[in-house]
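Here is the structure we will look at.
Derivation of every value follows stated rules applied to the coordinates shown; laboratory data play no part. A quick note: this is a predicted structure, and the numbers were derived from the prediction, not measured. Methodologically, a virtual Cβ is constructed for each residue, glycine included, from the backbone with ideal geometry; neighbour enumeration extends over all protein chains shown.
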Amino acid sequence: MEPFSRWKISDSDREQDLVFHSSHGNHKSASKHAEILRGIIKEDIEKGFALPFPITALHFIPNASLAPLGCVKQSTLDMFGNWAIKYRMTHDQSFPGPSNKSVNL
């Protein structure tokens, strides 16, 4: 058996999932914390960790897939050892489309 074969997805299923995810959009937490996410994404772009492009370009990228963004609040320690609130961007790789397949399922 070929490694990772259970995760293979046909081109038609991938395209169907891509259409579904692009119409579904991000999770509600992304809308709720839109300004925070804009700051996180801006910082990622400036550091060279992300490359923005229009969603319409997805259909021109071979084997592209899409995952909804979310934003979670978590507690962390600051540089002085004090508890602080931090927001973290998430990519929900477990959110399946019509194929019922995802990175984590």
- [ ] Would you work out which of Pro68, Ser12, Ile55 lies farthest towards the positive end of the dipole of the chain, given +1 charges on the beta-carbon of Lys and Arg and -1 on that of Asp and Glu, about the Cα centre?
- [x] Pro68
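Which value, in debye to the nearest 20, gives the size of the charge dipole of the chain about its Cα centre, when Lys and Arg are +1 and Asp and Glu are -1 at the Cβ? Can you show the working numbers first?
Values: 12 positive and 11 negative charges, 63 e Å.
The calculated dipole for the chain is roughly 300 debye.
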Task: Using θ = phi - 60° and Karplus 6.51 cos²θ - 1.76 cosθ + 1.60, couplings along segment 34-44 (whole Hz; Gly, Pro as x) - done: 4, 5, 5, 5, 4, x, 5, 5, 4, 5, 4
Open item on the list: Are there any chymotrypsin sites (Phe, Trp or Tyr not before Pro) in segment 65-105 that are in a DSSP loop and have at most 14 other Cβ atoms within 10 Å? List them by number.
Closed with: Phe80
TODO: Starting from one equal scatterer on each C-alpha and no solvent at all, send me the Debye-based log10 I(q)/I(0) for segment 10-91 at q = 0.17, 0.18, 0.23, 0.26 Å⁻¹, two decimals.
DONE: -0.82, -0.88, -1.18, -1.28
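Determine the gain in length on full extension of the stretch Phe49-Glu15; use 0.36 nm per residue of separation and subtract their C-alpha separation, reporting nm with one decimal. Walk me through the numbers on the way to the answer.
Values: separation 34, 0.36 × 34 = 12.24 nm, distance 2.57 nm.
Stretched out fully, the Phe49 to Glu15 stretch lengthens by 9.7 nm.
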Open item on the list: Just to be sure I follow the rule: in the chain, considering lysines 8 or more places apart or on different chains, how many pairs have Cα atoms under 22 Å apart?
Closed with: 12
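Could you check what % of the DSSP bridge pairs in segment 10-91 are antiparallel, to the nearest 5?
Values: 9 of 9 bridges.
Of those bridges, close to 100 percent are antiparallel.
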